[in-house]
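Structure first, then comments.
The values are calculated or read from the model by the stated rules, or taken from the named source; none is laboratory data. It should be emphasised that the depicted structure is a prediction, and the values quoted were computed from it without experimental measurement. Neighbour counts run over all protein chains shown; Cβ positions are idealised from the backbone, glycine included. Please note that ligands, DNA and RNA were not included when accessible areas were found on the heavy atoms of the full protein model with its side chains. Shrake-Rupley method; radii C 1.70, N 1.55, O 1.52, S 1.80 Å.
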Amino acid sequence: MRYHITHQTIYSYSQAVFLHPHILRLQPRCDHQQKLKHFSLEIFPPTSQLCNFTDFDGNSLGKLTFEQPTHQLQITTRSCIETQPTNPFNFLLEPWAVTFPLDYPHSIFLQLQPYLQPYFDRFDPEIRQLGRNLSYDTKGNVVAFLMALNQYIYKNYEYCIRETGDPWPGGVTLNQKQGSCRDFAVLFMETCRSVGLGTRFVSGYEEGDSNQAQRELHAWVEVYLPGAGWRGFDPTQGLAVSDRHIAVVTSAFPRQTAPVSGHFTTTNHAISTAVNMTLETHICITKEEAKVEN
């Protein structure tokens, strides 16, 4: 599929502010699963400098600096991405990674450390128990475990919209039996990590309902499967990720996938009143059949 995406973010401030450096995580990634054909970025007010760089997970980030005070910050990106029609299960695991427990070679184990740690200080005991139960039910088969976990969250938890805020801890989602896509992603991550599977949080776009006027960013999970690499699972939809998801940014730490991060200060320090900020986002996604290139 070929997708055309326009993503506009507007921050409005109740008084003029100085914008300190901002980090943008809005450029879709380009790899064997999806090809970035076009990407453009428009900023208001004009930036004094834009520096592009690559982070630990290979994400393409931009750092913006500003000189003039403003009442508004507008960020508009336009992307054209071609996703590859792949079978999400077209892989061959390493023999030692087919069933639990995984006995990682030392070098892989060291590299996976950030992706194996609990979201907070420790794993919730109920999440550990969920991981053990599903592992037992699937006879320790890693792929069967992932599909069972995906379906468990999809069938047993109610989806709700939370426009702002960090993801809930997995234990909160587990007990409340509801959450947003980012909450489900963290619950999936935590359960996988509790049984020794490296995972990372993914923020991006999903095809969704073409008749839906307003779109939102979506969140899902990628699991590191030795022999197969990073493979996507979407517990909100109960699906393995194929060609209808467009990944933008990934991280072991969900907060590091925020599309925009930065801060501001008032222009008049003598004024003690707080600055009120409002946020609007507008995402438009259209698709077309990708042309076969000879």
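Descriptive notes on the structure:
- Selection of the range 80-95 for residues being out of contact with any Ser or Thr (no Cβ under 8 Å at 6 or more places or on another chain) and of a type outside the set (V, I, T) yields C80, E82, Q84, F89, N90, F91, L92, L93, E94, P95.
- Scanning the range 208-251 for residues that are surrounded by fewer than 21 Cβ atoms within 10 Å (Cβ to Cβ) and small (G, A, S) yields G208, S210, A213, G227, A228, G229, G232, G238, A240, S242, S251.
- Near pairs, Cβ below 9 angstrom, 6+ apart or cross-chain, from the range 33-61 (open to solvent by less than 50 Å² (accessible area, probe 1.4 Å) and among the charged types (D, E, K, R)) to any residue that is at pLDDT 95 or above and assigned to a strand (DSSP E or B): D55/L61; D55/V249; D55/S251; D57/R200; D57/V249; D57/T250; D57/S251
- Considering only residues in the range 12-22 that are open to solvent by 30 Å² or more (accessible area, probe 1.4 Å) and assigned to a strand (DSSP E or B), the one that is nearest to Q49 (Cα to Cα) turns out to be F18.
- Given (1) touching a Cys at 6+ places or on another chain (Cβ under 7 Å); (2) open to solvent by less than 60 Å² (accessible area, probe 1.4 Å), number of the condition C80 does not satisfy: (1)
This table checks each residue for (1) of a type in the set (G, A, S); (2) out of contact with any Pro (no Cβ under 7 Å at 6 or more places or on another chain); (3) part of a loop (DSSP other than H, G, I, E, B); (4) more than 27 Å from Q214 (Cβ to Cβ).
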| site | (1), (2), (3), (4) |
| --- | --- |
| I43 | no, yes, no, no |
| N52 | no, yes, no, yes |
| Q68 | no, no, yes, yes |
| L73 | no, yes, no, no |
| R78 | no, yes, no, no |
| F89 | no, yes, yes, yes |
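- Enumeration of residues in the range 188-207 that are touching a helix residue (DSSP H, G or I) at 6+ places or on another chain (Cβ under 6 Å), open to solvent by 10 Å² or more (accessible area, probe 1.4 Å), of a type outside the set (D, E, K, R) and within 16 Å of G140 (Cα to Cα): S194, V195
- Checking each residue in the range 23-35 for being assigned to a strand (DSSP E or B) and farther than 17 Å from L217 by Cβ picks out only K35.
- Candidate set: the range 109-133, residues that are surrounded by 18 or more Cβ atoms within 10 Å (Cβ to Cβ) and not hydroxyl-bearing (S, T, Y); chosen: the one farthest from L187 (Cα to Cα): L112
- Every listed requirement among (1) surrounded by fewer than 15 Cβ atoms within 10 Å (Cβ to Cβ); (2) touching a residue at least 12 places away in the same chain (Cβ under 8 Å) is met by P105 save one, (2).
- Of the candidates Y119, Y136, the single residue that is more than 23 Å from the chain's Cα centre (by Cα), among the aromatic types (F, W, Y) and under 23 Å from G171 (Cα atoms) is Y136.
- The range 83-102 - residue that is over 13 Å from P226 (Cβ atoms) and polar (S, T, N, Q) and, of those, least open to solvent (accessible area, probe 1.4 Å): T83
- Within the range 169-180, considering residues that are crowded, with 21+ Cβ neighbours inside 10 Å and in contact with an Asp or Glu (Cβ under 6 Å, 6 or more places away or on another chain), the one farthest from P254 (Cα to Cα): L174
- Helices (runs of 4 or more DSSP H) enclosed by the range 131-214 - at least 3 residues per element that are charged (D, E, K, R): 181-194
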